[in-house]
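Participant: One structure, as structure tokens, below. Some questions next.
The values are calculated or read from the model by the stated rules, or taken from the named source; none is laboratory data. Values in this document were obtained by computation on a predicted structure and should not be read as measured data. Note that we place each Cβ from the backbone using ideal geometry, even for glycine, and neighbour counts take in every protein chain shown. Just the protein is used for accessible areas: all its heavy atoms, side chains included, with ligands, DNA and RNA removed. Shrake-Rupley method; radii C 1.70, N 1.55, O 1.52, S 1.80 Å.
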Amino acid sequence: MKLSDILEESVIAIGANKVRSGLTVLGIVIGIASVIALTAIGQGSQASITSAIESAGSNLLTVSPGASSSGGVRGAYGGAKTLLLTDAEAISELSLVKAIAPQVTGRYQVIATAGNSNANVIATTAAYETVRNVTMSGGTFITDSDTSSYSKVAVLGSTIATDLFGDPAAGGTDPIGQTIRIKSTKFTIVGVTAAKGGFGPDNADNAIYVPLSTGMRFLAGETTYLSTLSITAVDQKSMDQLQTDITDLLLTRHKISDSTSADFRVMNQADLASTMTSTSRTLTLLLAAIAGISLLVGGIGIMNMMLTTVTERTREIGLRKAIGAKRRDISIQFLVEAVIMTFLSGIIGVVVGWLASMGINHFGGLNSVITVQWVVIAFGLSALIGIVFGFYPARRASGLNPIQALRYE
Amino acid sequence: MKASADETTRERDMPTVNEAPSSGHMIECRDLTKVYLSGDQETHALCGVSLTIDPGEYVAIMGPSGSGKSTLMHILGALDNPTSGEYYFEGQEISEFSDDELADMRRLRIGFVFQQFNLLPRATVLRNVVLPLVYSGIPRGEREEKAEAALRKAGLEESHWTHLSNQLSGGQIQRVAIARALINDPALILADEPTGNLDTKTGDIILETFNELNDKGHTIVLITHESAVAERARRTIRIMDGLIVSDQRNGHHRAAAVAAPAPVDAAAPAETAAAAGETEVVS
């Protein structure tokens, strides 16, 4: 039997019961589409986590005070008072350090003429701009002279700027040159950062930057303790070495011999990134597994339909055998019917999944990324399902005795 | 599929009607038996049937239901293997053939016409007729020609050829089935109660077609339980309880039967047969 004939017979048979074939196809379409859409969401969140981490600065190490640590980079905010400005100066002398930005952070009520808000205020130095990869949308970042002269200037994150002064594009005031009041001290705004994206209340777009010296004196109340140190290594490969160097240096400076009782924490941006991506990879796989279940159910639907078809077409199978079709001819025909249906479902499913993930991107506010890898997997899976779930019905059909099949009522 | 077809049957794939195997018989059965097992129960459907059919014959196999005539037809039609005995088809012993070898036999040498017609309902007339060629892997162009020739032979008007088979009347459907049986130019046409689902008038027309085909040299074996149908053949083999009880030439002229078909009591075919009174026990 020629391939073109097998295909023709199969298409006629599928077309013979359009509603049932359509519903069966729908089952697989949903399976394939959800594999593609859900993995796209998973991949998308992985991509946004990665980009968020990268946007925080490359080759970045952060030092936080206190051993009280459970998780994140800023886990020990203000918790312990162990990190001194002198520590920062000592670290800046290490050969592998490219730049260092000490920070003192606090959350304060911020009052502007037009509105007020609660914001994360970061007192830091000019180095912060390069260390943390800050880009400006207007004005300038804090300068070294601001720090040395205790200038009362502030730089607003893009979100807080809009919160306080309105969207400049929609008739809001340009914040640069305006003043705000933080903890009863007046600051003049000298710059606004570009939006960076990110999550949570500690989002960089929601922060206000002031000079380190000004912040320590007027906001933190003459403190000498730092909240965080952000350090850039000279290059990617020296990050681990630098992490060790910093740890050793601080242990010596803090006179601690046992590294397990260290009163600080050195976090490596790369470690964090890999932890986060592996988490979201797990998420992707979980989503794929859920979608896989619906694909499996779709496959069983195919098998069910094919078995019904075999029963319904018993007489036809008997006839085909009587006029000379062999077992192989019959089983191939039924197998091809199943494969055509899943293949068709695969194509529709890919298109639907693609559209769905584009829709999620556009309307759902979730980042989704379609990867060729998952499209291929979903497609291959659909063909496989056709073969696996078509095999048993095809065998049943081919094994029918022609005499009994012809007599079947 | 093609390779095995070549091995088993190609060598005999020549114009069938004039072909004479070494023994001269197209079909030669010796002591065929068929035993069905259902649980511990043995059913003897055939208890030693011997017969020969020559090329060009038109034989009716007649018997009441349960007589074994269907079983005999299945074995003659290479749909089933006998339990014991020998079956030579065109000089070749096929009683031990495998499923696939039997499928080749059916595809190339035998054409079936069924009581239930068994057409593909949603396919066109032409598609139905070429179906056996599809399994032979014959190119499309050639199929069309053969199908048209077969449909002409079976006597279906050209206007119906592109119709779907479920748009036709019973008589037309059976003509399509006959065309399908003819398409591979088979050695033998096996008709299983071909008029069983047709009214008498349509049945007559179909039987007339069989007579015409026989006149053109086709070998036909027709299974029936109606003596009126059997009389249209040139030879009647009566079978009862798995044994041949008579084998006779129908002497009367066929035209007479066409003019005045004998009234038949379908419910009591055995009695009708007995009443005919020309039984001549052979086996």
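Participant: Say we look at the range A:127-153 and pick out the residues that are under 32 Å from the mean Cα position of the chain (by Cα) and among the hydrophobic types (A, V, I, L, M, F, W, C); which of these is surrounded by the most Cβ atoms within 10 Å (Cβ to Cβ)?
Facilitator: The qualifying residue surrounded by the most Cβ atoms within 10 Å (Cβ to Cβ) is A:Ile142.
Participant: Considering only the range B:52-83, state which residues are part of a strand (DSSP E or B) and touching an Asp or Glu at 6+ places or on another chain (Cβ under 7 Å).
Facilitator: B:Thr52
Participant: Run B:Glu96 past the list (1) farther than 30 Å from B:Ser227 by Cβ; (2) within 12 Å of chain A (Cβ to nearest Cβ); (3) open to solvent by 30 Å² or more (accessible area, probe 1.4 Å); (4) modelled with pLDDT under 90 and report the number of the one that doesn't hold.
Facilitator: (2)
Participant: Next question, about the same structure. Mind listing whichever residues of the range B:67-93 are more than 14 Å from every other protein chain (Cβ to nearest Cβ) and either touching a residue at least 24 places away in the same chain (Cβ under 8 Å) or in contact with a helix residue (DSSP H, G or I) (Cβ under 9 Å, 6 or more places away or on another chain) (or both)?
Facilitator: Step one: of the range B:67-93, the residues more than 14 Å from every other protein chain (Cβ to nearest Cβ) are B:67, B:83-93.
Scanning the range B:67-93 gives B:Ser67, B:Thr83, B:Ser84, B:Gly85, B:Glu86, B:Tyr87, B:Tyr88, B:Phe89, B:Glu90, B:Gly91, B:Gln92.
Participant: For B:Val129, only one of the following conditions fails: (1) within 23 Å of A:Leu7 (Cβ to Cβ); (2) crowded, with 22+ Cβ neighbours inside 10 Å; (3) facing chain A (nearest Cβ under 10 Å). What is its number?
Facilitator: So B:Val129 meets the others, but not (3).
Participant: Could you list, in sequence order, the residues of the range A:99-133 that are polar (S, T, N, Q), farther than 13 Å from A:Tyr209 by Cβ and in a loop (DSSP other than H, G, I, E, B)?
Facilitator: A:Thr113, A:Asn133
Participant: Restricting to helices (runs of 4 or more DSSP H) lying wholly in the range A:210-326: which have 2 or more residues that are away from chain B (no Cβ under 14 Å) and closer than 30 Å to A:Tyr150 by Cα?
Facilitator: Helices (runs of 4 or more DSSP H) meeting the threshold: A:239-253.
Participant: Condition (residue is open to solvent by 40 Å² or more (accessible area, probe 1.4 Å), within 23 Å of B:Ala78 (Cβ to Cβ) and of a type outside the set (Asp, Glu)) applied to the range B:181-203: is it met by at least one residue?
Facilitator: no
Participant: Kindly indicate whether A:Glu337 is more than 8 Å from chain B (Cβ to nearest Cβ) and surrounded by fewer than 24 Cβ atoms within 10 Å (Cβ to Cβ). Spell out the reasoning first.
Facilitator: Numbers: more than 8 Å from chain B (Cβ to nearest Cβ): yes; surrounded by fewer than 24 Cβ atoms within 10 Å (Cβ to Cβ): no.
Against the criterion (more than 8 Å from chain B (Cβ to nearest Cβ) and surrounded by fewer than 24 Cβ atoms within 10 Å (Cβ to Cβ)), A:Glu337 does not qualify.
Participant: Let me ask another. Just need a number here: residues in the range A:250-269 that are touching a residue at least 60 places away in the same chain (Cβ under 8 Å) and either in contact with a strand residue (DSSP E or B) (Cβ under 8 Å, 6 or more places away or on another chain) or within 12 Å of A:Thr82 (Cα to Cα) (or both).
Facilitator: 11
Participant: Output the number of residues of the range B:34-55 satisfying the condition of being over 13 Å from the mean Cα position of the chain (by Cα) and open to solvent by less than 30 Å² (accessible area, probe 1.4 Å).
Facilitator: First, the residues of the range B:34-55 that are over 13 Å from the mean Cα position of the chain (by Cα): B:34-52, B:54-55.
Pick out the ones that are also open to solvent by less than 30 Å² (accessible area, probe 1.4 Å) and you get B:34, B:45-46, B:48-49, B:51.
Number satisfying all stated conditions: 6.
Participant: Of the conditions (1) more than 33 Å from the chain's Cα centre (by Cα); (2) among the β-branched types (Val, Ile, Thr); (3) more than 14 Å from chain B (Cβ to nearest Cβ), A:Ile332 fails just one. Which one is it?
Facilitator: Answer for A:Ile332: the failing condition is (3).
Participant: Determine which member of the set B:Gly137, B:Gly141, B:Gly111, B:Gly91 is farther than 11 Å from B:Ile183 by Cβ, of a type outside the set (A, V, I, L, M, F, W, C) and in contact with a strand residue (DSSP E or B) (Cβ under 9 Å, 6 or more places away or on another chain).
Facilitator: After ruling out the rest, the residue left standing is B:Gly91.
Participant: Given the condition touching a residue at least 40 places away in the same chain (Cβ under 8 Å), more than 10 Å from chain A (Cβ to nearest Cβ), open to solvent by less than 10 Å² (accessible area, probe 1.4 Å) and in a helix (DSSP H, G or I), answer yes or no: does some residue in the range B:141-157 qualify?
Facilitator: So far as the range B:141-157 goes, yes, one or more of its residues are touching a residue at least 40 places away in the same chain (Cβ under 8 Å), more than 10 Å from chain A (Cβ to nearest Cβ), open to solvent by less than 10 Å² (accessible area, probe 1.4 Å) and in a helix (DSSP H, G or I).
Participant: Every residue in the range A:1-27 that is within 23 Å of B:Pro132 (Cβ to Cβ), without any contact (Cβ under 8 Å) to a residue 24 or more places away in the chain and either aromatic (Phe, Trp, Tyr) or in a helix (DSSP H, G or I) (or both), please.
Facilitator: A:Leu3, A:Ser4, A:Asp5, A:Glu8, A:Ile12, A:Gly15, A:Ala16, listed by residue number.
Participant: Just give me the residues in the range A:340-380 being part of a helix (DSSP H, G or I), open to solvent by 50 Å² or more (accessible area, probe 1.4 Å) and among the aliphatic types (A, V, I, L, M), in sequence order.
Facilitator: A:Leu344, A:Ile347, A:Ile348, A:Val351, A:Val352, A:Leu355, A:Met358, A:Val372, A:Val376, A:Ile377
Participant: Of the conditions (1) out of contact with any Asp or Glu (no Cβ under 7 Å at 6 or more places or on another chain); (2) in a strand (DSSP E or B), A:Pro175 satisfies every one except a single condition; which number is it?
Facilitator: Condition not satisfied by A:Pro175: (2).
Participant: Here is a follow-up. Looking only at the range A:218-242, which residues are touching a strand residue (DSSP E or B) at 6+ places or on another chain (Cβ under 7 Å) and either open to solvent by 40 Å² or more (accessible area, probe 1.4 Å) or within 18 Å of A:Lys183 (Cβ to Cβ) (or both)?
Facilitator: Correct list: A:Phe218, A:Leu219, A:Ala220, A:Thr223, A:Thr224, A:Tyr225, A:Ser227, A:Val234.
Participant: Now for a different question. Within the range B:56-67, can one find any residue that is of a type outside the set (S, T, N, Q), modelled with pLDDT of 90 or more, within 30 Å of B:Glu158 (Cβ to Cβ) and open to solvent by less than 50 Å² (accessible area, probe 1.4 Å)?
Facilitator: For the range B:56-67, residues of a type outside the set (S, T, N, Q), modelled with pLDDT of 90 or more, within 30 Å of B:Glu158 (Cβ to Cβ) and open to solvent by less than 50 Å² (accessible area, probe 1.4 Å): present.
Participant: Something else about it: When A:Leu296 is evaluated against the numbered criteria (1) in contact (Cβ under 8 Å) with a residue 24 or more places away in the chain; (2) open to solvent by 20 Å² or more (accessible area, probe 1.4 Å); (3) in the same structural domain as A:Val121 (by TED's automatic domain parsing), which criterion, by number, is the only one it fails?
Facilitator: (3)
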